[in-house]
1. I need the helices of the chain that pass two filters: whole DSSP H segments spanning 18 Å or more by Cα along the axis, and mean Kyte-Doolittle score no lower than 0.0.
2. With respect to the cross-link table entries Lys39/Lys161; Lys102/Lys143; Lys102/Lys167, which display a Cα-Cα separation exceeding 26 Å?
3. Under a crude label model (7 Å from the Cα following the beta-carbon direction), how far is Ala61 from Lys138 in nanometres?
4. Would you report the distance distribution of C-alpha pairs in the chain as whole percents per 10 angstrom bin, up to the bin with the largest distance?
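Nothing in this text is a laboratory measurement; each read-out follows from the coordinates by a stated rule. Not measured: the values here are computed from a predicted model. All Cβ positions, glycine included, derive from the backbone under ideal geometry; neighbour counts span all protein chains shown.
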Amino acid sequence: MKKVILALLVLSSVLFAQSQKIGFVDTQTILAQYAPAIKAQSDLEALAATWKTSIDSMTQALQQGYQTYQQQATTMAPEQQQQRQQNLIQQEQYLQQYQQTKFGQGGELSQKQEEFMAPVREKIYQAIEEVAKKENMKFIFDKAGDVLLLFADPEYDMTFKVLDRLKTMK
């Protein structure tokens, strides 16, 4: 019974698809060739590099602090040892918090990525919609996305039409 229902679903999908014009795009290709997307990605990478440099600097300072502590610990009073240990622990906690704030889930990097890429995605979706309407497409799939596209006739590839449309949009 389940096989019959599945076969009917597949058959009805095929018949439905035959009456509809379907296309696809490769958003990875679009993002790799669309100048505003390239700039946004470059800006994100520069920002991340700045933060990584800060993290590297803090890590190096922390390591130097540990080395200095280990070298001087035997000559320090117990109160001094405890104070230095607490300072090092605070530095380490600050470093971890900084890393989490910048690169953690929901951190500044993901927020900046959304901020930089939202207008780019909006333009791309607008171009896709315009190309789809011009070509009388009912559906446009993203070959690069989570949709499993096992075969696609290049005749229905709208990627470069979308890129052309993006170049003419203001």
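1. 2-18
2. On the way: Lys39/Lys161 21 Å; Lys102/Lys143 31 Å; Lys102/Lys167 33 Å.
In this structure, Lys102/Lys143; Lys102/Lys167 lie more than 26 Å apart at Cα.
3. Each label point lies 7 Å from its Cα, and together they span 6.3 nm.
4. P(r) for the chain, in whole percents per bin: 8, 22, 19, 15, 13, 10, 7, 4, 1.
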